[in-house]
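Throughout, read-outs are computed from the coordinates displayed, never taken from laboratory work. Here the structure is a predicted model, which means the values were calculated and not measured. Here the Cβ is made from the backbone with ideal geometry for all residues, glycine too, and neighbour counts use every protein chain on show.
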């Protein structure tokens, strides 16, 4: 009897081990299956996905409701394909295009710089020259770019932003953003030449039509104020050069309604909400 009891205990222990092993196997199986399911879900629903309308709205182009309308009208592309599906999910790595311009879901930033002489208006330079980016390095956590250009010798107001849609709007020839320059010439400007410029000087692109030109009150006759919309390359310098004058100093004091008032040379500030809204309404 005692022997039989010992054998029974042994059999019971063996059965217990088998049950434990089976439970362990079952738990490992469940863990494996759950892991595979999670991997599958992770692939199907990317962690960094975002609704397309929110992506567009975050770029500053429009509201979510307006973004839905743009999507429905087939005006938005994702990775080269037109998307009209409401609720479509995109990732940060996807390329989203509206109106021919790539957009990003970053918060729009608008930096107004009073550019000093000696800086070029590009994001980088192969010759390692100083660029306007050096002056606004701490202005935004996002990468911004100049809206249009001022040549290296020209000073004054220039806008930098990460808003590609706004950049396209302000630099497109059909928009013709209003610009005002303070020009200092190498000699006095004759009244006849001032009138000729007001009538329009012929350049390579055609007649350079300006909005207004005048002597600056209280200044010598070699200091001129000129207002124009055309955006031809170095157009102000070429207008005066055509009549035999050299531009010694060229300062842009206004661009698209934005001035450099209260901004020291080489300094910058962020546009106010009102200024941004005014740009959008232009």
Considering the Cα trace of segment 45-176, what is its radius of gyration and what is Dmax, both in angstroms? 17.0, 52
Return the distance in nm (one decimal) between the two label points of a simple spin-label model at residue 282 and residue 264, each offset 7 Å from Cα along Cα→Cβ. 2.7 nm
Using alpha carbons only: equivalent-ellipsoid semi-axes of segment 110-281, gyration tensor based, whole Å: 28, 17, 16
Nitroxide proxy distance, nm - points 7 Å out along Cα→Cβ at residue 48 and residue 107: 1.9 nm
Given 0.36 nm per residue, what is the gain on full extension from residue 219 to residue 188 after removing their alpha carbon distance, in nm? 10.1 nm
So how far apart, in nm, are the two label points at residue 88 and residue 65 if each is 7 Å from Cα heading toward Cβ? 2.2 nm
Here the FRET efficiency for residue 196 versus residue 79, based on Cβ atoms and R0 = 41 Å and rounded to 0.05, is 0.15
In Å, what Kirkwood hydrodynamic radius results for segment 134-216 from the alpha-carbon pair distances? 15.8 Å
